[in-house]
Structures are given as C-alpha cells and as structure tokens.
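Every number in this text was worked out from the coordinates using simple rules, so none of it is lab data. Source: prediction; values computed, not measured. Virtual Cβ from ideal backbone geometry, glycine too; neighbours counted across all protein chains shown.
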Amino acid sequence: MILDTTDTSQESSRVQKPLKAYLPHHGALDGEAILDRFLEWVSEQKITPYPAQEEALLELMTGRHVILSTPTGSGKSLVAQGLHFKAMCEGKRSFYTAPIKALVSEKFFDLCEQFGPENVGMLTGDASLNWGASIICCTAEVLANMAIAQGEEADAPYVVMDEFHYYGDRDRGVAWQIPLIQLPRTHFLLMSATLGDTSEIERKIESRTGQRVCRIHSEERPVPLDFLYAKTPILESVEALLQGKKAPIYIVHFTQRAASEQAQGLTSAKITNREQRKAIGEAIGGFRFDTPYGPEIKRVLRHGIGLHHAGLLPKYRLLVERLAADGLLRVICGTDTLGMGVNIPIRTVLFTQLCKFNGEKVSLLSIRDFKQISGRAGRKGFDEEGSVVAQAPEHVIANQRIDEKMKKGSSRKKIVRKKPPERGFVNWTKETFDKLIWSPPEKLESRFRISHGLIISFLKSADGTDSEAPGYHGLGDLITQSHEPAANLRTHRREAARFFRSLREAGLVEVESATEGGQRVRVSRELQRDFSLHQTLSLYLVDAASALDREAPDYALDILAITEGILQNPMPILIQQQRKARGELIAQLKADRVPYEERMEKVEKVTWPKPSEDFLHATFDLFSAKHPWVGTDAIRPKGIARDIYESSSTFDDWVKRMEITRVEGVLLRYLGQVHNTLEQSVPEALKTDEVEDMVGFFRAMIGRVDSSLLEAWENLVQPGANADPKAPSSAVPREYDLVADPKALRARIRGELQQLVGALASKRFEDASHLLNPESQKNWPPHRFEEALAPYFEEYEAIIRDTRSRQAHFCVIDEVSPRQFRVRQVIVDHRGDNFWAIEGNVDLQSDGNPADPLLRLRSISE
C-alpha cells in the first residue's frame, strides 16, 4: 500500500529532515527548482506521490490556481505543504484556512514540525500566536475579515482553503467566497473530498484574478472502502463488527440524545477486556470530570466507549479525541460532527439512519454529507480497507424478525407488525444507500448574503483613512463581483441599502464631510472598538435597549431579556424548563384538588419562562414595521441566563436543578453567546455598572466550567482585521489590558468573587480552590476552606447568595500600587450581621489579562 502524506505516527517516524532544511539559504528559486527540492524531500520520506498530487504540485509551481478534489486520506495535505514550501522559497507569506478551530490547531502543529515554530503562526479566536510568521493557520472567517479590511493590499500571496465544500454552507459559505473576491492577487489552492461541479466557481476566479484555474479530480483512495446494508439490530451489528476486527467503530447518530442513549446501552456489551480498561484508566489519569455529566462520561469511557457531540463540554470532546487517537476507544457514539474533519481515527463508520433534520424538515442525507462522513472510514497506514455500514430502519429489522419467526412457526401469539415512526422520519432502503455511495456530490451553490455585520466590517475598514474606499464603495464592489446569478445582484444591492439606512437611523453609522470634499461614511465614534452585529437581530437589540430607562431598578435585567430574545432557542433546555414548570403546577393543582380536565387545561397553557415578553413583542412589532427586512425572523423570549443570574446559581447547581446533565455543553455554549452579545453588541453608552457586573458574572461562570470558550472570547471576533502584516513575529493582533478598562476589571473581579461565594455557600470546597489564581490554589486546598468556615457555620445557617450578596457596597476594590489591587467581599448572612468577609489581592503586573482566575486569597474570617 502506498503512503502519501505525513499525517500518521508511522509516517512521522520516517521523517529524515524537516522541509525547513530544504529551503534556500540565499536568493529565490524558480518554480522548477522549487518543485525539484520539494520532491527530493518527498522521496526522502519514502513517499510515492499519486498522479493527482504530482499534477497539482506542477500546476501550483507554474502559478495557476488549483481546485483539488480527491478522497479523504489521499494526500491533499502533501500538496498544501508544497504550496507553503513554494511561498517560503520565494520569501512570501501563505495562509492555511479550515472551517473549525480543531483542524486549524492540528495543522498548525503539523506545519511547525516541518517548517519550524518560528515560521508558523495561528489565529483562530482560541489562540493568536506568532502573527508575523511566514505561514499563518486560521479559520475561514479570520481570512475573510482580513480580506475585507485590507483588500488587494493584504499580504496573502498564497492561500490554502481546506474543506472548501463549506463554500455551499447556508450560514457560513459567504466566508469562503469573500477571499476569492477580495484577494485578486492571491493564488488559491481549494481542497475537499466532496466538491461536485465547480465550473461556475472556476469561471469566476479566472475572471477576477486573470489566472487559469486547474481542477484536479480523482476517486483513488489509499484505503478502499467496503459497504454493507445491515438488517440486524444495532447491538448485533456492533458485535459482528468487533468480532470481525473492524474496530474502532464510529456510530453516527443525528441527535445528541440518540448518541448518549446508545453509549449508555452499549455499556452492557463486552466492548473491552480488562487490560484495555486498565490502559484507559491510566490514560485518563487525573482528568477532572467535575461537572454534573462528568461521572457518566467517565463511566462510559472506562468501558472503551466514547461519546462525541456538540452537547458535551469542549474539554470532554477533546478527551475523547485524545483517547481515540491513542487507539484506546473501540466504539464512539457521536453525531455527524465526524464529517467536519474531527480528528478521530476510525476503521468503520456505522450509520444508524440515512435521514436527518436539516434545520427545516427531516430529509434524506445529502450525497455530500454522506460522503464526508463515510470517507473518514479506514486509517491510512493501519488498515487495508475501511468499512461503511448503514442500518436498515428499525421497523424493517423488527418486521423481518417477525417474518422469520412466522416461517419457523416458533410463535403462537398474535403478531403485530411494527410501523415506521409517524414523525421525524423519512424512509430509506438499500437502493437509497447505493445511490449515496455511487452518485457524485451535489453542485456547489453560492451562499452569498448581506448582513449588518458585513456592512459594519466594510465601514470599519475605512476608519482612519481619508477616502470612502474600500469601506463604502467596497461593499458595492463585493456585491458586483460575487458569485451570485446576475438576477440576484439587484436584490442584494437593495438589501444592502435597506440595511445601511437602518444602521444610520440607529445612529451606528455616520455620514460626514471628507477632507477632499464630498462625504464619507464611518462607524459611529461612540461605539466600542469591537462593536459587532453578528446576530441577525442585533440591530433590534440596540433599538430596544435605547428605549429603556437607565434609572429603572430592572434596567440590567431588561437588557439581559432583550439579549436572550435575539439568540437562537436552545430547545433541549427550554423544553426542560417547560416540563419543570408544568410539573410544579400539576403538583400545586393536585394539592388544591382541581379536577383533572381543568388541571390539564391550565397546564397546556404553561410554557418556559419568558421575562419581559410583552415589552419584547411590542418593541419588536414597532421595529419590524420600520424594518421589513427582518422577514420571518421573530423575537424569541426566554429566561435561561436571567434565572441563573437572579438566583445566583452556579453552573452545576442549575444543571442539576433543571436535570439537563446530558446537554450541559449546550447550556455552556448558550451562556457564551449571552456573554459575547452583552459585551460586544450592547453599545458602551448603554452599559451601567450592573450590566458590566452581569458580564463579569457570566465570564467567571464560563471560565470556571471550561476556559476554552473564554479564551476564544478574549481574542475577540475579527482578530485578523487590523493585524499589521509587517509586525514582528512575536506580535499578536491585539492585546487587551484590564487595567486600561477599570469597568471591565471591576466586573471581572466581582464576577469571580460571586462564583467563589456560590461555591462556599454550597460547601463545594474543591471547586472553591480551583476558582483561585494558581499561586493561591496550593495554599488553599479544600480542607483549609472547610476549617476557615467552620466557625461561620456554627453561628449562621448559610451563606446568602442572591441579589443581596451582589450589592455593590459589599465588594470593595482598592488599587494599592500600580497594577496591584486589594479586594474585599462581604459574606452576607441571614441575620444581616455581615461580619465575615473574603479578602485577597489581584496582581496584574506581569499579565494584563490572564486566562487564569485573578484572586489571590489571603483570608476568610470575621
């Protein structure tokens, strides 16, 4: 078998010298010499390139764009390395983009190994490393933002766009299209295993750049696939695959609940032996499964079963990926995130069904989705072939068993044949499976669209310049050059004009006189630097928030209600809120002896909490009357974050109270959206101290549960827009200093103190220790908290953690020397004595915005 890339551990062991060693020491090389050097390195790795790889490399070296459409594992990464090598030989920069941060991070480390860490940088939102490097790994949105900000002047001579089929994604596709329009001097390598017809895209790129596009397609796989349509119950299918030595198996589900339930069900099967379970335990080591769902995940993992879906916390998904990469998991139950390029090496893909909900209705899988997922089967360098298995519908399998029993005469009972589900189901057959296997992917369609956020980005690009371009005119040029059919261009221009007028009416953009005469358009100077409108209804948020009375006692809560109202509904959480509310009402009505029919009538009217519902609907009706472009979008009242904030709940407490352990990751992601929207989409002028405290409260909560989401936020949205391409290699796009923003500093300190108060109130002393700065954690182990608070709990029933404990005068923050602060948080008791307090320090001398908690605890005492 031919090995063609350096992605696996076997291949890495063959590396003689990194690519960096083949770079010229003096002067630039021509394309032929560069190709010769690169192929010399390839030969040293004992790699024999496929014809498609050779053709792609040759076309790139001659200065053409390349669209590379070859199967997963067929060596597209090798071609990308060739383009990065060409750029470095010429003393130029190159970019690698991918749709998800995990892929960007993975590629970053791969390229560091070959080109040296000093030559590779990364920018994803999670990390900003070495921005001035010759090779930059980033998400597609980062490159799109840079393309908007810098246009043709962007220092991006070469760009690799991986997983280019995202060009056709309904929500994100525009980010893949913008660089193709805004960077006409760039040479592109566009790669995917499932591109389909790209002829129109090729024509547009050639027209815009003046360079020929070469499309290279191959169906040759390094690891061939076999296919099976299974008519046995899924447990039997899994056991047969394990016995046939076809593990690891990824079982594909299309709901998070189904994946979780399947993982639980498989724990009764014999998946692993004692030695394998011991190895898993050693690999897990001291990992903290410290959230409500953590113990369940740990139990499943110890059976050799992984769980992987977006409802899990990021840290649990990363743990599953690490254990899978080490070959310790024999079965993984997950959702179709596998098709997004998640790095989980597997031998077999098992589809539980061939239909899914596509956001509007349940339909059969698209050919592209099927091929993206099934193409992950087969581990290059380990397997001679991969397997793709599709389960027949459950009712078909059950009825087949009934027919078999009837033929044998083994059942004398009256047999009732099983019917297909009436809802959420579209039938599929063996013919459906065959069509998905052998048909080409659907044609990639342009998903260009105008949004308020796009307009703001273009206008920001002109800030600090003396001309309208590229900001004002750049948007019009983008529409003209877009890949949309000509018939759609007028619609996009009208939509852009409507959006611009609404932004101007809201005071978010200004028209002013230009120095050379005439007028120029810019973003309002009163807005914070990082103001953004990335939610569809963000403009409504500004409009409705401006109508509130800042002096009203519930002003901050009303801001929160509007913020939650513009976000998408996290339905698993809302349904559970509704179920809990109905259960409480039924219990009350039963106690009051209300008749059954009347009880049910009252219960049917109960939904999830919708604070400020009348205000939201009234203001939204006025807004939509002025702005008909909102179309079918509607306000979505809900009170998830509000309930957490008003009750001063910890994350774990609220998850347990709502009984949503299986979707705690959904809650964390939702709270992250609330935090980001409050921070970035509420204009600075509308933020009171309590609103700032609210932001700090949610920031501290998110950081306590899983800091990876916060790290993404701290680097902010659009990190590439204002990056200086000539900055030194140690530079990052922006550094945030809390000391320069006293309101944000105060909010963060107060938020962290409130999280600590919550942990102490619940007597979760281990959690309390982890809420301290690492320098303090070693001095404050859990038992010390217990000892310090023992006298308090002898005197008082509990620590109060509600709106009373959040009153501003109970938290004192004093700057005792430059960048050093003394803090004191009063512990509120039920008698109102309030003699006890938490005292500590905050030191920002070495880091203006540390990812770790700020508090260095001195004492908890009277």
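Below are the figures for this structure:
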{"quantity": "Ordering of 276-286, 158-168, 798-808 by burial proxy (mean other Cβ atoms within 10 Å per residue, highest first)", "calculated": "158-168, 798-808, 276-286"}
{"quantity": "GluC sites (Glu not before Pro) restricted to region 748-803 and DSSP loop, no more than 11 other C-beta within 10 Å", "calculated": "Glu797"}
{"quantity": "Calculated FRET efficiency for the pair Glu394/Asp802, C-beta based, R₀ 56 Å, to 0.05", "calculated": "0.70"}
{"quantity": "Rel. contact order, % - alpha carbon contacts under 8 angstrom, at least six apart, the chain", "calculated": "12"}
{"quantity": "Structure-based [θ]222 nm, the chain - -39500 (n - 2.57) summed over DSSP H runs of at least 4, per residue, nearest 500", "calculated": "-13500 deg cm²/dmol"}
{"quantity": "Average Cα contact separation per residue, region 9-217, under 8 Å, 6 or more apart, as relative contact order %", "calculated": "24"}
{"quantity": "Dimensions in Å of region 738-861 - Rg and Dmax from alpha carbons", "calculated": "14.0, 43"}
{"quantity": "Projected label distance in nm at Trp438 and Met571, using a 7 Å step from Cα toward the beta-carbon", "calculated": "3.6"}
{"quantity": "Region 738-861: relative contact order in percent, alpha carbon pairs under 8 Å with at least 6 residues between", "calculated": "27"}
{"quantity": "Near-label residues of region 395-409 by backbone N, under 20 Å of a point 7 Å along Cα→Cβ of Glu431", "calculated": "395-397, 400"}
{"quantity": "Charged-residue dipole, Cβ positions (Lys, Arg, Asp, Glu), region 736-862 about Cα centre, Debye nearest 20", "calculated": "300"}
{"quantity": "Net length gained if the chain between Lys763 and Ala310 were fully extended (0.36 nm per residue, minus Cα distance)", "calculated": "160.0 nm"}
{"quantity": "Region 745-774-region 322-386 distance, computed between alpha-carbon centres (Å)", "calculated": "40"}
{"quantity": "Expected-Rg normalisation [2.2 N^0.38 Å, Cα atoms] applied to region 789-862", "calculated": "1.25"}
{"quantity": "Burial order of peptide ranges 590-602, 254-266, 189-201 (average beta-carbon count within 10 Å, highest first)", "calculated": "189-201, 254-266, 590-602"}
{"quantity": "Among 74-81, 489-496, 211-218, the order from most to least packed when residues are scored by Cβ within 10 Å on average", "calculated": "74-81, 211-218, 489-496"}
{"quantity": "Cβ-Cβ FRET estimate between Glu118 and Asp36, R0 fixed at 22 Å, reported to 0.05", "calculated": "0.30"}
{"quantity": "Centre separation in Å (Cα based) which lies between region 791-862 and region 600-625", "calculated": "39"}
{"quantity": "Additional length obtainable on full extension of the chain from Arg494 to Ile284, 0.36 nm per residue less Cα span", "calculated": "70.0 nm"}
{"quantity": "Least to most buried among Arg185, Arg376 (fewest other Cβ within 10 Å first)", "calculated": "Arg185, Arg376"}
{"quantity": "Global geometry of region 538-714, whether rounded, prolate or oblate, following the gyration tensor of its Cα atoms and the 1.5 cut on a/c", "calculated": "oblate"}
{"quantity": "Global geometry of the chain, whether rounded, prolate or oblate, following the gyration tensor of its Cα atoms and the 1.5 cut on a/c", "calculated": "rounded"}
{"quantity": "Förster radius 25 Å - calculated FRET efficiency between Ala587 and His830, Cβ distance, rounded to 0.05", "calculated": "0.40"}
{"quantity": "Column: log10 I(q)/I(0), Debye, Cα scatterers of region 9-217, q = 0.19 Å⁻¹", "calculated": "-1.59"}
